Amino acid sequence: KYDKNFGEAYLLRGQLYNNKHSYKDARENLELAVKLLPNNYEAWFNFGVANFNLVVDFPNLGYDKQAIENFTSAIKIESNHVQSYIERAKSYIQMEQFNEALADANKAISMDSRNSEAHFIRGIIHRHLENYDFAIRDYTNAIIYDAQNSVAYYNRGIAYRLLGYN
């Protein structure tokens, strides 16, 4: 209200809206934040999170492509931000661009080999590619690094079933 050029305020408000799952409001604030803070990876990352989550409610408005662009911008600024690679991989999965998703999941794992979510995401990609043995390996690693990950157990069971194990 008092300073329309206070980018950090838009960033913080956008992050808060993301945390409240109010992604449309988050997107509105983060769009301003990235204009005012074009070199701030957090602004781009959170903008990507908002766009990624809007795809569920608005599947044909191009938010998936925008999310990939946002995460790419975040990575260009902060190339060591593992979560940006994970989130971009999720966006690629959503668009059924599995080779790109796999490259990002591999990059995330190379940066943090104990990241449960990165292994889990790579397992999902391998399942889509019908590489069930690799999917099982990745789901197992996700479980090793986070034994509470019930979805990894479930997906590993599906992969075993797809291999013919009963």
### Message
Can you give the longest run of the chain that contains no trypsin sites (Lys or Arg not before Pro) sitting in a DSSP loop with at most 16 other Cβ atoms inside 10 Å?
### Response
21-113
### Task
Please report, in debye to the nearest 20, how large the charge dipole of the chain is about its Cα centre when each Lys and Arg carries +1 at its beta carbon and each Asp and Glu carries -1 there.
140
### Message
Spelling out what I want: for every residue of segment 51-61, take phi, set θ = phi - 60°, compute 6.51 cos²θ - 1.76 cosθ + 1.60 (Karplus), and round to whole Hz; glycine and proline get x.
### Response
5, 4, 6, 6, 4, 4, 7, 10, x, 10, 9
### Message
Counting only helical runs of four or more DSSP H residues, what would the 222 nm mean residue ellipticity of the chain come to if each run contributes -39,500 (n - 2.57) and the total is spread over all its residues?
### Response
-24500 deg cm²/dmol
#### Entry: Under 17 Å from the Cα of Lys35 - aspartates and glutamates, other chains or at least 8 residues apart
Asp3, Glu8, Asp25, Glu69
### Query
Average projected area of the Cα convex hull of the chain, in nm²?
10.2
### Query
Considering only DSSP states other than H, G, I, E and B, which GluC sites (Glu not before Pro) in segment 78-151 qualify as loop sites with at most 12 other Cβ atoms within 10 Å?
Glu96, Glu130
### Cα lying deepest toward the dipole's positive end in segment 40-122, options Ala50, Gln94, His119, charges on Cβ
His119
### Query
Taking only protein heavy atoms and a 1.4 Å probe, what accessible area per residue, in Å², does the chain have with all protein chains in place?
56
### Task
Could you run the Karplus curve 6.51 cos²θ - 1.76 cosθ + 1.60 with θ = phi - 60° over segment 22-31 and give me ³J(HN,Hα) per residue in whole Hz, x for Gly and Pro?
9, 5, 5, 5, 4, 4, 4, 6, 6, 4
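Run through segment 3-33 and list the GluC sites (Glu not before Pro) located in a DSSP loop whose Cβ has at most 13 other Cβ atoms within 10 Å. Don't jump to the answer; show the numbers that get you there.
Values: sites: Glu8, Glu28, Glu31; in loops: none.
Here no loop site has a sparse enough neighbourhood.
The values are calculated or read from the model by the stated rules, or taken from the named source; none is laboratory data. Please read these numbers as outputs of a predicted model, since none were measured by experiment. Every residue, glycine among them, receives a Cβ derived from its backbone with ideal geometry; neighbour counts consider all protein chains shown. For the accessible areas, the whole protein counts, side chains as well, though only heavy atoms, and no ligand, DNA or RNA atoms are used. Shrake-Rupley method; radii C 1.70, N 1.55, O 1.52, S 1.80 Å.
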